[in-house]
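Peer 1: Take this structure first; my questions come after.
Read the figures in this text as sums done on the coordinates, not as results from a lab. What you see is a predicted model, and the numbers here were worked out from it, not measured in a lab. Cβ placement follows ideal geometry from the backbone for every residue including glycine, while neighbour counts extend to all protein chains displayed.
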């Protein structure tokens with residue numbers, strides 16, 4: 001029988017119980033989380049609660065492109081940013097359009113200083 005990732009995931013989920021991970025497995029999960037968080041430049045989860053932006057900034061796409069470039073070294077991130085946010089595939093939604101109205105800050109469940117973070121994205125991509 002061919003390997004089926006869905007069946008495997010269902011089997012593992014069915015067998016998983018609270019407290020079923022060993023101390024070594026929990027330590028591995030913690031190490032991976034710390035490494036990932038250390039690489040993340042923008043701690044945005046992409047929930048889109050910050051949207052819509054009154055100025056038309058696509059906040060989650062701005063942060064996604066920035067993270068792809070810095071976390072994963074994705075050389076296509078700037079192209080992705082220009083397509084999604086630069087007006088190629090729709091109205092411009094660039095980070096540099098942010099006027100620091102802070103409407104997004106009130107809505108962000110992570111409590112991110114979105115205007116400050118968008119400045120970083122604009123410095124990187126909106127030169």
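Peer 1: Pop the C-beta distance of residue 5 and residue 74 into the FRET formula with R0 = 25 Å and round what comes out to the nearest 0.05.
Peer 2: 0.55
Peer 1: Still on this structure, please answer the following. Which of 17, 84, 48 moves most in a GNM of the chain, Cα contacts under 10 Å?
Peer 2: 17
Peer 1: Related question: Take the Cα radius of gyration of the chain and divide it by 2.2 N^0.38 Å, with N its residue count; two decimals is plenty.
Peer 2: Ratio of Rg to 2.2 N^0.38 Å for the chain: 1.35.
Peer 1: To the nearest µm²/s, what D does Stokes-Einstein give for region 59-125 at 10 °C and 1.306 mPa s, using the Kirkwood radius over alpha carbon pairs as Rh?
Peer 2: 131
Peer 1: Let me ask another. Quick one: if you stick a label point 7 Å off each Cα along the C-beta vector at residue 28 and residue 107, how many nm between them?
Peer 2: That separation, rounded to one decimal, is 4.0 nm.
Peer 1: Then there is this: Can you tell which of 57, 12, 71 shows the greatest fluctuation in a Gaussian network model of the chain with Cα springs below 10 Å?
Peer 2: 12
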